[in-house]
Amino acid sequence: MEVKQVTLHKRSGEVKQHSKKDGVLTAEVVSSCMSNLGRVGTGLQHLYHHLSLPSHDLSDISVLCNYVHLQKLELPHNKIKDLSCVSHMPYLVILDASHNDISSFFGFQPPKNLKEVNLSHNRMTKMKDLSAYSSLSHLDLGYNCLSEISGLEQCCKLTHLSLEHNRISRISGLDSPVLLTHLCLRGNQLKRIEGLENLKSLQVLDLSLNRITSLSGLQNLHLLGSINLEKNLISEIQECKHIHDLFLLRDLNLLGNSVQEQPDYRLAVVFLLQHLTVLDQDKVTAEEKVASVNKYDPPLDVLAARDHMTHLVYQLMQPQVLYDSTMPSADSPYPMLVLTGPQGCGKRELAHRLCQELSDYFAYGISHTTRGPYSREVHGIDYHFINEEDFQNMIHMGKFIQTMQYGGHSYGLTRDAIEDVAREGLACCVHMELEGVFSLKNTYFEPRYILLIPIQVEKYMGHLKSHGLYTPAQLDMTKSRIELYANTNRQRLGFFDNVIPCDDWEEAYQTLRHVVKEYLLLEEEGENNNRGSLDNTSTGNDPEEKPASPPLSRSGSGTLASHSATALDPSDPSYRNYFTKIHAELSPQKSPAELASIRRREQLVREAVVGKIPGVYSQLFKSPAQTAASSLQKPNTHLSEDNSNSDESRASSALTVPSSATGLSGSVEPLDMSVQGHTLEALKGQTPEAHCPGTDQLAVAVSPSSDRRPGYDIKPILPPIPAGRKTPASPSPAPSPRPSPNTAVDAEGNVDREG
Ligand SMILES: Nc1ncnc2c1ncn2[C@@H]1O[C@H](COP(=O)(O)OP(=O)(O)OP(=O)(O)O)[C@@H](O)[C@H]1O
């Protein structure tokens, strides 16, 4: 249908034809640029609602006074100075007069429903009161010469506002448009983020190309999803803490800020703002998120894996040392009992008492610590108290099997401490925090883990306070860790073998004693078998489920008990059976798959040690298919066979181990233990510490979720030489310090025991 604009729009009914001349808009041009045919209100006439005249060199558009029904008017890229014709368009909803020469701010009577106005790229210098334009939802005033935001007090429906590239040096006048969702102040002269407090609906904020130094002022804008701060003066990562609680923030742009030069900038920001999906116009990958968490707040598994790797690497870098008494045999790792639980829950005293009462079975494994002794503590009984420097030296000498930082001090359990006990023919009983347990679970030791946990928290806290040893901060930390233990127990079925409430110390001891005697099948007739411990290896639901302790018969128990009653003779062949049985009773049962895996790994070590296969590590990490095949071809060799080959073994291990260590030390830098546990604080409080070389490499090499991996529990050692109990069982609460039992292999391959 052909519609003549002239008949539809001329108010007077008369059409005066104009031609486009000297920037004057004519009716002909208008009629050729109209679109969107509709009806007038009466429904009797048709008319066009839209007029679009971009880039027509227009300067005089007064002819538009006649086009009263226009709803959308687009006049960008002309030379228009006067927009007064708009006063005649009461139905106008959208006006685009960008890229013109307009200097008068809203120089027309307000169309009642005017919603979207684009006056960007003009010459306006001052904003005026827009209270008559209360329907405005989108307003673009970018690229003008405005120096102050004002006149928006009544614009309650405004959702999009752009004032980019003006001369604004301070954000003000934005209290009212509370529905504002998009605000662009790019390219102004802003130094601070202020005056945005009321814009609670703000979702997209562009403050790029300003001189902003801090992100303060954004903290309450909880709907913000995107912030552009490109090319500002932000220099500190900790500024991100101001937007840390903006949980909907997905896109942050800090390109062109000096903060990007900070070490580990991207990881630190990704860690602080974990909801980000785009940072600096680059997608945040899942790998980056994991790496950032592992770096700044590593899960216990990751910490433990790093701890384990550190000690493994340092151990490998030392000359070979044989820990014969604790070496796992084919079927029975050295038996250990670990009491864990929050600080001050009494586990240390419980461990001492247990070792005293069951001195034929257990002795206390003494940890090292850098904290000073409390008043009644004895060096060499409660701890080995050493200074930080010595502790670090011991780490570098590969002495520890696990370490942890707690309350600003270092704690660690050495191989020697365990070996000391093992050489007495006893099982080792230690106490440690949860981190220690995680770490120990990476080693070849397979202790029973007993969690001692306070149920009555207030009573426990009162007890701790009464010690008078702890600062309020330490007390708070200890309290918060009760939940950590409880959660670990809830979330990791079977992680602890037993859980014992420790609100009443005597009751806890009796339960512990009972549990341990049950492990050892030593329970006296008639003794209460119903104590308040939870056996965590059983869910209690499955009637088929195996009991936590191996189902040894009573006669087995009798044998064990009678062995324990007399001093053990190492030459007695039943000596090893004794250990095997303690182990069987202290170790959780394994599935056939686990057992097969352990055997495979042991087989590999044996082969490497006797020189049947080349390097220890190249074999330990070979593909599962090869591993399976090789273990099929070479069925489990007996320990005695390995012993018969001892010359060859020594030669082979002396050759292979240092080369493995060298290979490792080339690619894996030793860990700086002081970094662990401090990075998060450093990040939150101030600029992160300088990058710690090696930390990342280790973190990458370690899978956080895996407790047991090939090679982790393998030591480059010779088969065990049972040393046996050297002294009669002592009733003392803890083994007294004795010379190091370490045994070294000299250049000729001769075994030489220290001390
Ligand atoms: N080698 C270790 N690895 C991990 N944690 C350890 C180690 N040795 C000791 N701990 C634990 O470190 C925490 C602090 O020990 P510390 O002896 O300083 O505190 P305490 O107030 O005497 O508490 P507790 O009575 O529980 O030992 C304790 O929970 C303790 O069990």
Next item on the list: Enumerate the residues in the range 449-463 having an amide nitrogen under 12 Å from the point lying 7 Å beyond the Cα of residue 374 toward its Cβ.
Entry: 463
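Test of the criteria: in the range 345-383, which GluC sites (Glu not before Pro) are in a DSSP loop and have at most 16 other Cβ atoms within 10 angstrom of their Cβ? Each step should come with its number before you reach the end.
Details: sites: 349, 357, 377; in loops: 377.
Listed in order of number, the matching sites are 377.
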Next item on the list: Pull up all non-local amide H partners of residue 384: gap of 5 or more, or a different chain, and H-to-H distance under 5 Å with H placed in the peptide plane.
Entry: 367, 368, 369
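For a footprinting-style exposure proxy, rank 400, 495, 385 by other Cβ within 10 Å, fewest first.
Numbers: 400 27, 495 19, 385 16.
Starting with the residue having the fewest Cβ neighbours, the order is 385, 495, 400.
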Checklist line | DSSP-loop chymotrypsin sites (Phe, Trp or Tyr not before Pro) across the range 257-360, with at most 14 other Cβ within 10 angstrom | finding: none
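Please compare each pair in 112/157; 347/399; 157/200; 191/283; 72/200; 295/465 to a cut-off of 22 Å on the Cα-Cα distance and tell me which ones are over it. Mind dumping the intermediate values first?
Numbers: 112/157 13 Å; 347/399 24 Å; 157/200 14 Å; 191/283 28 Å; 72/200 31 Å; 295/465 34 Å.
The answer is 347/399; 191/283; 72/200; 295/465.
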Notebook entry, point to check: If you plug each phi of the range 299-304 into the Karplus form 6.51 cos²θ - 1.76 cosθ + 1.60 with θ = phi - 60°, what whole-Hz ³J(HN,Hα) values come out, in order, with x for Gly and Pro?
Noted result: x, 4, 4, 5, 4, 5
Next item on the list: Determine the gain in length on full extension of the stretch residue 473-residue 62; use 0.36 nm per residue of separation and subtract their C-alpha separation, reporting nm with one decimal.
Entry: 140.4 nm
Notebook entry, point to check: In the range 273-332, which trypsin sites (Lys or Arg not before Pro) fall in coil by DSSP and have 11 or fewer other Cβ atoms within 10 Å?
Noted result: none
Checklist line | DSSP beta bridges in the range 192-321 [antiparallel fraction, %, rounded to 5] | finding: 20
Next item on the list: Residues in the range 100-122, backbone N under 17 Å from the label point at residue 138 (7 Å along the Cα-to-beta-carbon vector): list them, ranges by number please.
Entry: 113-121
Check: Quick one: if you stick a label point 7 Å off each Cα along the C-beta vector at residue 22 and residue 192, how many nm between them?
Finding: 5.4
Checklist line | For 149, 381, order by how many other beta-carbon atoms lie within 10 Å, fewest first | finding: 381, 149
Next item on the list: Round to a whole angstrom and tell me the spacing of the C-alpha centers of the range 172-202 and the range 375-435.
Entry: 58
Checklist line | Residues with amide H under 5 Å from that of residue 402, placed H, sequence gap 5 or more | finding: 413
Next item on the list: With θ set to phi - 60°, apply the Karplus curve 6.51 cos²θ - 1.76 cosθ + 1.60 along the range 192-201 and write out the HN-Hα couplings as whole Hz, x wherever there is a Gly or Pro.
Entry: 9, 9, 8, x, 9, 3, 7, 7, 5, 8
Next item on the list: Report the label-to-label distance for residue 247 and residue 39 in nanometres (one decimal), using points 7 Å from each Cα along the Cα→Cβ vector.
Entry: 5.1
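Read-outs: derived from the displayed coordinates by stated rules, not from any lab. Computed from a predicted structure; not experimentally measured. All Cβ positions, glycine included, derive from the backbone under ideal geometry; neighbour counts span all protein chains shown.
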